[in-house]
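Structure first, commentary second.
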Amino acid sequence: MQTIEVHTKSRPSTVYCGAGAAEKLKTIIEGKDVFVVTDSNVFGLYKDFIQNTFGSAPVCVLPAGERHKNRNSLFMILDKMLQARLRRNSTLVAFGGGVVGDMGGLAASLYMRGIHAVQVPTTLLAQVDSSVGGKTAIDHRGVKNVIGTFYQPEYVVCDPMFLKTLPPREIRCGLGEIIKTGALDAEILDKLERNAERLFDLAFLEEITADCVRFKAGVVEKDECERSGLRKCLNMGHTTGHALELFYKRRSHGEYVLIGMLLESYIAEKFDICAHDYAEELRALIGKVLKRVPRFENIADAAGVALYDKKNQGENEVSLIVPAKRGEFAELRLTDEDYVGYIEEIAGGLA
Ligand code: NAD
Ligand code: MG
């Protein structure tokens with residue numbers, strides 16, 4: 001198990017990462033007034049673990065899934081916190097995937113203007129990405145993550161044992177963000193390429209999770225609230241990925257991130273931001289997780305959704321974070337017409 005300190009200005013976090021991390025929970029919560037938030041799937045699988053670890057602490061079980069990442073669930077948590085008479089020094093433990101983590105973190109930041117928060121991510125995506133960095137949110141009126149806060153957890157506990165019950169789709173989802181991290185960090189990319197045949201092995205995932213957490217911690221320490229622009233790098237592949245995800249809704253977030261990276265890598269090549277050989281290398285790695293690029297019907301309409309992306313600054317402009325050299329990224333701004341035209345042409349060529 002590794003201990004990774006995240007030195008964020010608002011509040012530092014300690015991340016325990018690797019086999020045995022869950023055993024730290026007992027010490028973390030010792031003598032504390034604890035409130036657990038989880039979802040129905042995770043509760044079904046880990047009821048005994050939750051009871052053994054958190055004893056008689058109240059447990060708020062939310063309906064599972066992104067469509068419940070809304071104000072009803074948020075207020076359900078807050079109501080239960082009030083009923084449980086939590087105080088300022090109480091601790092909320094968010095035990096689940098990114099949906100539980102984002103909503104639990106938001107509730108912890110709002111209740112009495114902020115109580116202690118601990119994240120126990122149980123999906124690969126939540127372990128490598130969402131549990132670290134302090135972004136919390138709910139979706140509202142069809143807009144993803146539009147209501148939220150920056151609120152660092154005191155502890156994050158990433159134990160690979162939780163990944164044993166994850167369906168393959170959720171593993172692929174996490175691998176999407178892992179490969180994205182590889183495109184931002186040369187050492188992680190080398191490791192992914194050396195281990196390209198064992199990307200789905202739990203032992204490998206345990207090792208690479210710690211690397212991704214350390215990388216994200218470094219970015220968040222330098223740009224906690226996404227002001228300098230550095231934290232934007234974490235959105236590589238996400239402009240197109242998000243647009244396709246919102247439009248088609250068939251695959252997992254991480255798979256759409258990979259599809260986004262794949263399509264955008266051709267745009268980066270077109271603009272000479274990324275060399276052909278390096279783009280091919282990234283595409284080969286993406287191909288290890290995404291065996292087949294789906295045929296997209298109406299891709300121009302889907303790409304049009306990218307116009308509403310939070311990262312865009314001007315009207316009729318689309319901002320892309322694309323790979324440049326190994327370990328480097330660039331921001332490319334395109335007019336909406338050009339962007340949609342390129343995506344249509346590239347996707348057409350792949351079909
Ligand atoms: P999720 O929380 O919906 O979990 C995916 C599915 O796996 C759910 O059905 C869940 O019940 C189930 N599950 C969770 N743990 C399990 C386990 N151990 N075994 C079996 N099933 C399990 O989704 P996610 O992919 O973990 O997270 C996606 C969310 O994270 C999105 O809402 C996204 O916006 C958010 N996110 C936030 C950040 C951030 O910085 N805060 C970053 C990336 C993503
Ligand atoms: Mg993402």
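Listed residues Met81, Met76; which is under 30 Å from Arg250 (Cα atoms), touching a Cys at 6+ places or on another chain (Cβ under 9 Å) and not basic (Lys, Arg)?
Exactly one of Met81, Met76 is under 30 Å from Arg250 (Cα atoms), touching a Cys at 6+ places or on another chain (Cβ under 9 Å) and not basic (Lys, Arg), namely Met76.
All but one of (1) in contact with an Asp or Glu (Cβ under 7 Å, 6 or more places away or on another chain); (2) surrounded by fewer than 16 Cβ atoms within 10 Å (Cβ to Cβ) hold for Pro168, so report the exception by its number.
Here Pro168 clears every test but (1).
Quick one: which residue in Leu263, Leu258 is under 27 Å from Val156 (Cβ atoms), part of a helix (DSSP H, G or I) and touching a residue at least 40 places away in the same chain (Cβ under 8 Å)?
Values: Leu263 fails: under 27 Å from Val156 (Cβ atoms).
Selected residue: Leu258, the only one of Leu263, Leu258 that is under 27 Å from Val156 (Cβ atoms), part of a helix (DSSP H, G or I) and touching a residue at least 40 places away in the same chain (Cβ under 8 Å).
Can Val219 be described as crowded, with 16+ Cβ neighbours inside 10 Å, within 23 Å of Tyr256 (Cα to Cα) and out of contact with any strand residue (DSSP E or B) (no Cβ under 9 Å at 6 or more places or on another chain)?
yes
Which pairs turn up if I take residues in the stretch 43-59 that are closer than 15 Å to Ala22 by Cα and among the β-branched types (Val, Ile, Thr) and look for partners that are assigned to a loop (DSSP other than H, G, I, E, B) and modelled with pLDDT under 95 with beta carbon separation below 6 Å, at least 6 apart in sequence or on another chain?
Pairs that qualify, where the first residue is closer than 15 Å to Ala22 by Cα and among the β-branched types (Val, Ile, Thr) and the partner is assigned to a loop (DSSP other than H, G, I, E, B) and modelled with pLDDT under 95: there are none.
For the stretch 107-148, enumerate the residues that are of a type in the set (Gly, Ala, Ser) and under 20 Å from Arg87 (Cβ atoms).
Within the stretch 107-148, Ala107, Ala108, Ser109, Gly114, Ala117 qualify.
Within 28 Å of Asp139 (Cβ to Cβ), within 16 Å of ligand 2 (Cβ to nearest atom), at pLDDT below 95 and surrounded by fewer than 22 Cβ atoms within 10 Å (Cβ to Cβ), is that true of Leu230?
So Leu230 fails the test.
Looking at (1) among the charged types (D, E, K, R); (2) touching a strand residue (DSSP E or B) at 6+ places or on another chain (Cβ under 7 Å); (3) near ligand 1 (Cβ under 10 Å from one of its atoms), which is the only condition Arg169 fails?
Against the list (1) among the charged types (D, E, K, R); (2) touching a strand residue (DSSP E or B) at 6+ places or on another chain (Cβ under 7 Å); (3) near ligand 1 (Cβ under 10 Å from one of its atoms), Arg169 comes up short only on (2).
Determine if the stretch 149-159 includes at least one residue that is assigned to a strand (DSSP E or B), within 16 Å of ligand 2 (Cβ to nearest atom) and either within 20 Å of Asn70 (Cβ to Cβ) or basic (Lys, Arg) (or both).
Within the stretch 149-159 (the criterion being assigned to a strand (DSSP E or B), within 16 Å of ligand 2 (Cβ to nearest atom) and either within 20 Å of Asn70 (Cβ to Cβ) or basic (Lys, Arg) (or both)), the answer is no, since none of the residues qualifies.
Which of the helices (runs of 4 or more DSSP H) found entirely inside the stretch 1-87 contain at least 3 residues meeting this: more than 19 Å from Ala117 (Cβ to Cβ) and under 24 Å from the mean Cα position of the chain (by Cα)? Don't jump to the end; show me each part of the working.
Working: elements: 24-29, 40-54, 71-83.
Per the criteria, 40-54.
May I ask you to list the residues in the stretch 139-158 that are buried (at least 23 other Cβ atoms within 10 Å of the Cβ) and of a type outside the set (S, T, N, Q)?
If the condition is that a residue be buried (at least 23 other Cβ atoms within 10 Å of the Cβ) and of a type outside the set (S, T, N, Q), then Pro153, Val156, Val157, Cys158 are the ones that fit.
Which members of the stretch 106-140 meet the condition of being aliphatic (A, V, I, L, M) and either within 15 Å of ligand 2 (Cβ to nearest atom) or in a strand (DSSP E or B) (or both)?
Ala117, Val118, Val120, Leu124, Leu125, Ala126, Val128, Val132, Ala137, Ile138
His242 passes all but one of (1) closer than 21 Å to Thr136 by Cβ; (2) out of contact with any strand residue (DSSP E or B) (no Cβ under 9 Å at 6 or more places or on another chain); (3) of a type outside the set (D, E, K, R); which number fails?
(2)
Output yes when any residue across the stretch 178-188 is in contact with a Pro (Cβ under 6 Å, 6 or more places away or on another chain) and buried (at least 21 other Cβ atoms within 10 Å of the Cβ), and no when none is.
The answer is yes, given that some residue of the stretch 178-188 is in contact with a Pro (Cβ under 6 Å, 6 or more places away or on another chain) and buried (at least 21 other Cβ atoms within 10 Å of the Cβ).
When only residues in the stretch 55-103 that are farther than 24 Å from Tyr155 by Cβ and within 13 Å of ligand 1 (Cβ to nearest atom) count, which is surrounded by the fewest Cβ atoms within 10 Å (Cβ to Cβ)?
Arg67
The values are calculated or read from the model by the stated rules, or taken from the named source; none is laboratory data. Quick caveat, the model's predicted, so the values are computed rather than measured. Positions of Cβ are backbone-derived with ideal geometry, glycine not excepted, and every protein chain shown enters the neighbour counts.
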